[in-house]
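Below you'll find the structure, written out as structure tokens, and then a few comments.
The values are calculated or read from the model by the stated rules, or taken from the named source; none is laboratory data. Everything numeric here is computed off the predicted structure, so don't read it as measured data. Cβ sites come from the backbone with ideal geometry, for glycine too, and all protein chains shown count toward neighbours. Just so you know, the surface numbers come from the protein's heavy atoms only, side chains and all, with ligands and any DNA or RNA stripped out. Shrake-Rupley method; radii C 1.70, N 1.55, O 1.52, S 1.80 Å.
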Amino acid sequence: QVQLVESGGGVVQPGGSLRLSCAASGRIFSVDDMGWYRQAPGKQRELVAALTTGGSTNYADSVKGRFTISWDNAVNTMYLQMNSLKPEDTAVYYCKIDRYMGISSPRRAYWGQGTQVTVSS
């Protein structure tokens, strides 16, 4: 069983930076996938950054060059560094880990509780 606790959200002016953290209480394996999603009011949840087995990363076009996803195995924590923030980045951000359950089983998803990011002047 895995529990994910998010922190680091807040209110920031356009052009500012924030770093979101997602601390995992359970053991995370190298074969597990992880990512960050966001959901703005009235909109569907969307993937903004992903980190998959082997260390490959993928970003939504809207955040490329501004956001960076990373994982620190020493403290069992994933991060989303957000720079040059824009008002359209305003949303609730969620971390997610998809645990590898074996070659014959589907992955199991674990979600953080969400943290609000507001970009406004």
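Compute the orientation-averaged projected area for the range 1-73 from the convex hull of its Cα atoms and round it to one decimal in nm².
Computing the convex hull of the Cα atoms and averaging its projections yields 6.0 nm².
Can you give me the accessible area per residue for the chain, using a 1.4 Å probe, in Å²?
I get 55 Å² per residue for the chain.
Kindly rank 85-94, 107-116, 65-74 from highest to lowest mean number of other beta carbons found within 10 Å of each residue.
85-94, 107-116, 65-74
Which of 44, 7, 62 sits closest to the plus end of the dipole of the range 6-121, meaning its Cα is farthest towards the positive end, when Lys and Arg get +1 and Asp and Glu get -1 on the C-beta?
Final value for the positive-end residue is 44.
I'd like the Karplus ³J(HN,Hα) series for the range 81-95: coefficients 6.51, -1.76, 1.60, θ = phi - 60°, whole numbers in Hz, and an x wherever there's a Gly or Pro.
Working through the residues one at a time gives 8, 10, 10, 6, 5, 10, x, 6, 7, 4, 4, 8, 9, 10, 9 Hz.
Could you state the orientation-averaged shadow area of the convex hull built on the Cα atoms of the range 66-121, in nm² to one decimal?
About 5.3 nm², averaged over all directions.
Provide the packing ranking of 54-64, 19-29, i.e. peptides ordered by the mean count of other C-beta atoms within 10 Å per residue, highest first.
Listed from highest to lowest mean packing, they are 19-29, 54-64.
Tell me the carbon and sulfur percent of the accessible area for the chain, rounded to whole percent, probe radius 1.4 Å.
Ligands and nucleic acids excluded, carbon and sulfur reach 47 percent.
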